[in-house]
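Novice: Here it is, the structure in full.
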Amino acid sequence: MFIVFEGIDGSGKTTISKMLANHLGYFWTAEPTDGEIGKFIREILTKNKNIDSKAITLLFTADRYEHQKIIKENIKKGVICDRYFFSTLAYQSVLGVEDEFIKYINKDIIMPDVVFLLVVDVDEAIKRLKTSDLFEKKSFLEKVQKKYLELAKEYNFIVIDTSNKSIDNVFNEILKRLEL
Ligand code: TYD
């Protein structure tokens, strides 16, 4: 079983995805990864460097191909991944990269069995964030969340609204949805 968590920065997906991995005894992983390419991406992001949006799309995707081996190795145990292909579709498309380009370069990746999209009031998400980098501005996050909701229809995500809800509340809702 391969489960992916998606959502804007501050949606709570890291906390929730780790809780679920603990609960199910699954392997937890995230993108950008802590591998060489992932580290390089984080460095670019923290320095707020202005990189061409297609170039950064290729980097996120390169990191994802590197990640495939780790996912495959743990798939029997069960894998929970905090951000995946849909992060590239949501974030990089808002930066002007076409969906077709993103889909094409990602065509050989393993697709997850279930995708949870955590949606949240954008003001609430911003309050939860301690830093404010390139990808954490209000108007930007609003656009990303709108794109995520479009993708939810296309890819059949399980959408969970976390606004005004406690972590335990959200977690229980996720457990219920998984039993269906
Ligand atoms: P994030 O998981 O939020 O990192 P952290 O744990 O440090 O908060 O990911 C970092 C940023 O990268 C986040 O703003 C979303 C962005 N991102 C993309 O734009 N495209 C992608 O394909 C991925 C995986 C992440």
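Novice: Taking Gly78, is it open to solvent by less than 10 Å² (accessible area, probe 1.4 Å) and at positive phi?
Specialist: When the stated conditions are applied, Gly78 passes them.
Novice: Go through (1) over 28 Å from His67 (Cα atoms); (2) assigned to a helix (DSSP H, G or I); (3) at pLDDT below 95 for Glu173 and report which single condition fails.
Specialist: (3)
Novice: Now, a different point. Kindly evaluate Ile102 against the criterion of being part of a helix (DSSP H, G or I), among the aliphatic types (A, V, I, L, M) and open to solvent by 40 Å² or more (accessible area, probe 1.4 Å).
Specialist: Considered against the rule, which asks whether it is part of a helix (DSSP H, G or I), among the aliphatic types (A, V, I, L, M) and open to solvent by 40 Å² or more (accessible area, probe 1.4 Å), Ile102 comes out as no.
Novice: Got a number for residues in the stretch 1-57 being open to solvent by less than 10 Å² (accessible area, probe 1.4 Å) and free of Cβ contacts under 8 Å to residues at least 24 places away in the same chain?
Specialist: Residues in the stretch 1-57 being open to solvent by less than 10 Å² (accessible area, probe 1.4 Å) and free of Cβ contacts under 8 Å to residues at least 24 places away in the same chain: 1 in total.
Novice: Is at least one residue of the stretch 117-134 among the hydroxyl-bearing types (Ser, Thr, Tyr) and open to solvent by 30 Å² or more (accessible area, probe 1.4 Å)?
Specialist: Yes, the conditions are met somewhere in the stretch 117-134.
Novice: Take the residues of the stretch 1-56 that are within 12 Å of the ligand (Cβ to nearest atom), part of a loop (DSSP other than H, G, I, E, B) and charged (D, E, K, R): which is farthest from the chain's Cα centre (by Cα)?
Specialist: The residue in question is Asp34.
Novice: Output the residue which, of all residues in the stretch 58-73 that are away from the ligand (no atom under 13 Å from the Cβ) and surrounded by fewer than 17 Cβ atoms within 10 Å (Cβ to Cβ), is nearest to Asn106 (Cα to Cα).
Specialist: Result: Gln68.
The values are calculated or read from the model by the stated rules, or taken from the named source; none is laboratory data. Predicted model, so just to flag it, every value in this text is computed and none were measured. FYI the Cβ positions are ideal-geometry reconstructions off the backbone, even for glycines, and counts take in every protein chain you see. Accessible surface areas use protein heavy atoms only, side chains included; no ligands, DNA or RNA. Shrake-Rupley method; radii C 1.70, N 1.55, O 1.52, S 1.80 Å.
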